[in-house]
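Student: Here you go, one structure.
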Amino acid sequence: DIPVEQLAQRLCDLKQGYTQYGGLRPFGVSLLYAGWDPYFQFQLYLSDPSGNYSGWKATCIGANNGTAQSLLKQEYKEDIKVEEAIALVMKVMSKTMDSTTLGSEKLEFATLTLDPETKKPKAKIYRPAEVDALLAKHDLGKKEDAEMK
């Protein structure tokens, strides 16, 4: 086991080394690292292609991330519950994705929670049908076209 910040730092040291000494950025991507440890609880780090990293309560990367960051700043609360966080993510995705309809073919979804029994972190990666169900629950899924029926 490795603390989340240490993982981010090691990978960013590698990225930064390539940037500084090779003049290259072979990773070429920003990454989000999420995890949990008993000392700092849940943690979220973002790294950019150059090897810089920073810790966040909530953040995003990718196209339209400025709009998404603005929504997160306005609506994220420190004591947010998992269901509320899922609703917020769905709202942010619906307003920022370059797509007229959201569906499981364009969206992957996962949560990281603490198992109440074992007190260990538990990652849940949603299946496509579960993603579509979440979108429908928040009234963001594909709409059936009346002509197709």
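Student: Please check: in the Gaussian network model of the chain (C-alpha springs, under 10 Å), which one of G103, G23, G51 has the largest mean-square fluctuation.
Tutor: Between G103, G23, G51, it is G23 that shows the largest mean-square fluctuation.
Student: Can you work out the accessible area per residue across the stretch 10-149, with the rest of the protein chains kept in place, probe 1.4 Å, in square angstrom?
Tutor: On a per-residue basis, 70 Å².
Student: Past 20 Å, Cα to Cα: identify those pairs from K73/K106; K73/K122; K57/K91; K77/K119; K95/K124; K81/K137, in the order given.
Tutor: Checking Cα-Cα distances, K73/K106; K73/K122; K77/K119; K95/K124 exceed 20 Å.
Student: Follow-up question, since we're still on this one. So what is the relative contact order of the stretch 52-135, in percent, for Cα pairs below 8 Å that sit 6 or more residues apart?
Tutor: Worked out over the stretch 52-135, it gives 22 percent.
Student: At 7 Å along Cα-to-Cβ for each site, give me the label-to-label distance between R10 and D37 in nm.
Tutor: For R10 paired with D37, the spin-label model returns 1.1 nm.
Student: Give, in whole angstrom and from largest to smallest, the semi-axes √(5λ) of the equivalent ellipsoid of the stretch 1-140, with λ running over the eigenvalues of the Cα gyration tensor.
Tutor: Over the Cα atoms of the stretch 1-140, the ellipsoid semi-axes are 27, 21, 14 Å.
Student: Something else now. Determine the share of the chain's accessible area contributed by carbon and sulfur atoms, expressed in whole percent, with a 1.4 angstrom probe.
Tutor: 54 percent
Student: At a probe size of 1.4 Å, how large is the accessible area of S50, to the nearest 10 Å²?
Tutor: Counting only protein heavy atoms, the figure is 20 Å².
Student: Evaluated at 37 °C with a viscosity of 0.692 mPa s, what Stokes-Einstein diffusion coefficient in µm²/s does the stretch 26-71 have when Rh comes from the Kirkwood expression over alpha-carbon pairs?
Tutor: 281 µm²/s
Student: Based on a Kirkwood Rh over C-alpha pairs, give the Stokes-Einstein translational diffusion coefficient of the stretch 41-110 at 10 °C and viscosity 1.306 mPa s in µm²/s.
Tutor: This corresponds to a translational diffusion coefficient of 119 µm²/s.
The values are calculated or read from the model by the stated rules, or taken from the named source; none is laboratory data. Predicted, not measured: the structure shown is a model, and the values here were computed from it. Here the Cβ is made from the backbone with ideal geometry for all residues, glycine too, and neighbour counts use every protein chain on show. Side chains included, ligands, DNA and RNA excluded: accessible areas come from the protein's heavy atoms. Shrake-Rupley method; radii C 1.70, N 1.55, O 1.52, S 1.80 Å.
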